[in-house]
1. For ARG307, indicate whether it is modelled with pLDDT of 95 or more, closer than 14 Å to MET238 by Cα, in a helix (DSSP H, G or I) and among the basic types (Lys, Arg).
2. Do we find a residue being outside any loop (DSSP other than H, G, I, E, B) and touching a residue at least 60 places away in the same chain (Cβ under 8 Å) anywhere in the stretch 226-249?
3. Give me a count of the residues in the stretch 303-327 that are under 29 Å from THR278 (Cα atoms) and either in contact with a Pro (Cβ under 6 Å, 6 or more places away or on another chain) or not basic (Lys, Arg) (or both).
4. Could you please find all residues in the stretch 385-429 being aliphatic (A, V, I, L, M), within 29 Å of the chain's Cα centre (by Cα), modelled with pLDDT under 80 and surrounded by 13 or more Cβ atoms within 10 Å (Cβ to Cβ)?
5. Can we say ILE332 is in contact (Cβ under 8 Å) with a residue 40 or more places away in the chain, part of a loop (DSSP other than H, G, I, E, B), on the phi < 0 side of the Ramachandran plot and touching a helix residue (DSSP H, G or I) at 6+ places or on another chain (Cβ under 7 Å)?
6. Can you name the residue in the stretch 123-155 that is surrounded by 20 or more Cβ atoms within 10 Å (Cβ to Cβ) and of a type in the set (Ser, Thr, Tyr) and, of all such residues, is farthest from ASP58 (Cα to Cα)?
7. Which members of the stretch 335-376 meet the condition of being acidic (Asp, Glu), assigned to a helix (DSSP H, G or I) and under 24 Å from ILE287 (Cβ atoms)?
8. Among the residues in the stretch 98-106, are any surrounded by 15 or more Cβ atoms within 10 Å (Cβ to Cβ), without any contact (Cβ under 8 Å) to a residue 24 or more places away in the chain and within 15 Å of the chain's Cα centre (by Cα)?
Amino acid sequence: MRVLVLNCGSSSVKFRLFRMEDEQLLASGIAERIGSPEAALVYRVPGRDGHRQKVRADDHKQAINLVLDQLSDPDHGVVKDIHEIDAIGHRVVHGGETFTEPVLINEAVLSKIKECRRFAPLHNPPNISGIEASLFLIPFARQVAVFDTAFHQSMKPEAFVYALPYEWYDKRRIRRYGFHGTSHHYVSLKAAQVLGKPIEDLRIITCHLGNGASVCAVKGGKSVDTSMGFTPVEGLVMGTRCGDVDVSVPLHVMEEDGLAPAQIDDILNKRSGLFGITGGDNDLRTIEDKAASGSHRHRLALAIFTRKVKKYIGAYAAILGGIDCLVFTAGIGENSPTVRRMVCEGLEFLGIRIDEAANGESREQIGRGEAAVLVIPTDEELAIAEEVASVLGEEGKTDEPVETPAADIRTKRILAIDDDPDIHEYLAAVLGQAGYACFHANTMRQGIKMVSEVRPDLIILDVMMEDISAGFRFAKEVRSAEAGGTAKPVPILMVSGVEQVTDLTFHDRVGTGTMPVDGFLEKPVEPDVLLKKVSEMIG
């Protein structure tokens with residue numbers, strides 16, 4: 001089974017394709033700067049040279065289409081045809097209280113995800129764009145949503161309800177949601193594997209330390225508390241986010257400086273944290289170097305950052321009633337011996353002691369006390385792929401093709417090929433009212449190109465007597481592409497007003513052989529007759 005993982009940001013689409021029976025990464029990359037003239041696609045295959053090319057990507061649909069084309073490219077691709085992709089895992093930032101686990105996407109699920117846009121107005125909309133684009137471009141694949149917030153839905157009310165008017169929670173669902181859930185879940189499971197113990201018996205504190213950072217208390221494999229809150233700005237000091245702060249401070253500055261809410265939001269999210277303390281640096285490597293060179297503000301930033309992590313570890317150890325394992329992960333957690341050492345200093349009373357040599361080499365196990373201290377690389381995309389396989393059950397554990405249900409939330413597409421605007425207008429009106437999406441090609445040549453671009457569910461080929469040979473060549477070319485594995489089988493419905501045409505063998509009269517089409521209607525075609533035939537062919 002092959003799973004494509006998509007992580008759609010406001011102007012990017014990160015992707016990774018996995019073969020799940022051995023969790024092998026087949027390809028990865030990013031479509032970046034979507035919507036700008038500088039749009040580019042970066043594509044990598046393990047063991048080969050990667051490449052970057054400038055592309056046109058006006059929106060997420062175009063970007064994902066480029067990704068699919070690259071994955072199935074005869075020279076650079078890793079699949080012969082996109083039909084080899086069995087499922088798509090979508091990272092969705094916010095699932096509200098609705099989603100407590102990954103879920104197979106259907107119409108109701110997509111509607112609920114859209115309702116969660118109010119909780120994450122910057123993140124959920126591009127996630128939704130990626131889902132809708134995938135449903136359009138690759139409807140035969142199973143689509144699964146994996147939520148950053150889902151892992152933390154096991155928290156009890158005393159952990160997630162704020163000490164604010166209760167009506168705010170009751171009516172607005174304002175509460176602690178937490179983020180980085182996919183990462184915290186993944187590394188906690190890996191920690192149990194490293195220790196060779198059932199996760200149900202462990203008290204684990206996971207520290208996801210990157211430009212965005214959070215800590216999670218995990219007991220028996222369940223999240224019981226986490227540092228991020230209603231939004232990702234709460235909790236630890238981060239690269240550009242302030243973390244915990246007295247809420248009166250931004251209100252005070254707003255009043256004194258006459259700032260709007262959007263301006264304060266920008267300061268708290270993009271100009272605070274390590275960036276704000278140092279005066280412009282949020283890369284931990286740069287901060288460590290300048291701190292070592294004697295910069296007071298960079299030393300202060302490093303001290304504040306690690307102290308806050310330590311503070312949360314102590315608090316969560318109290319909530320858990322002790323700690324069996326401390327995990328460091330993400331960019332800083334995996335790669336900074338200095339941060340790990342500073343965080344763990346003074347935590348000996350919890351059984352946390354660092355082996356300096358192991359820490360300096362960033363080994364997997366760096367502790368020498370009663371509590372294990374581990375460095376575990378996070379792999380959120382693989383974690384999403386694993387969640388997809390889990391949702392699909394046993395069929396997700398094999399390399400056998402997955403049978404997909406009808407795509408009940410994607411409008412079925414019909415490509416009509418004719419050179420008469422009136423006919424196209426008629427087809428668009430009749431088919432559109434019935435819920436189909438109708439695309440139009442003026443020529444057979446344009447139609448061939450649009451078959452790969454539109455990926456239609458049905459082709460309506462409108463031919464006159466003089467077009468029969470061209471129509472025959474078109475149908476043969478479509479069938480040839482399908483036989484070569486470069487396109488999915490598409491039924492072709494031929495419509496003609498030629499009197500000689502009475503069945504599908506009429507073209508023997510012009511010496512062209514049997515027309516490789518799947519259905520025939522004689523013009524003029526009444527709307528109910530057309531819709532009945534279309535329904536018979538594609539539902």
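The values are calculated or read from the model by the stated rules, or taken from the named source; none is laboratory data. The shown structure was predicted, so the numbers you read here are calculated from the model rather than taken from an experiment. Cβ sites come from the backbone with ideal geometry, for glycine too, and all protein chains shown count toward neighbours.
1. Values: modelled with pLDDT of 95 or more: yes; closer than 14 Å to MET238 by Cα: yes; in a helix (DSSP H, G or I): yes; among the basic types (Lys, Arg): yes.
In short, yes.
2. Taking the stretch 226-249 as the starting set, the residues that turn out to be outside any loop (DSSP other than H, G, I, E, B) are 226, 248-249.
Pick out the ones that are also touching a residue at least 60 places away in the same chain (Cβ under 8 Å) and you get 226.
There is at least one residue in the stretch 226-249 that is outside any loop (DSSP other than H, G, I, E, B) and touching a residue at least 60 places away in the same chain (Cβ under 8 Å).
3. Step one: of the stretch 303-327, the residues under 29 Å from THR278 (Cα atoms) are 303-316, 326-327.
Checking the rest, the ones that are also either in contact with a Pro (Cβ under 6 Å, 6 or more places away or on another chain) or not basic (Lys, Arg) (or both) come to 303-306, 309, 312-316, 326-327.
The number of residues fulfilling the criteria is 12.
4. VAL402, ALA407, ILE409
5. Values: in contact (Cβ under 8 Å) with a residue 40 or more places away in the chain: yes; part of a loop (DSSP other than H, G, I, E, B): no; on the phi < 0 side of the Ramachandran plot: yes; touching a helix residue (DSSP H, G or I) at 6+ places or on another chain (Cβ under 7 Å): yes.
So ILE332 does not fit the description; no.
6. Per the criteria, the residue is THR149.
7. Within the stretch 335-376, the first condition is being acidic (Asp, Glu), and the residues that meet it are 345, 348, 355-356, 361, 364, 370.
Going one step further and asking which of them are assigned to a helix (DSSP H, G or I), we end up with 348, 356.
Matches in the stretch 335-376: GLU356 only.
8. no
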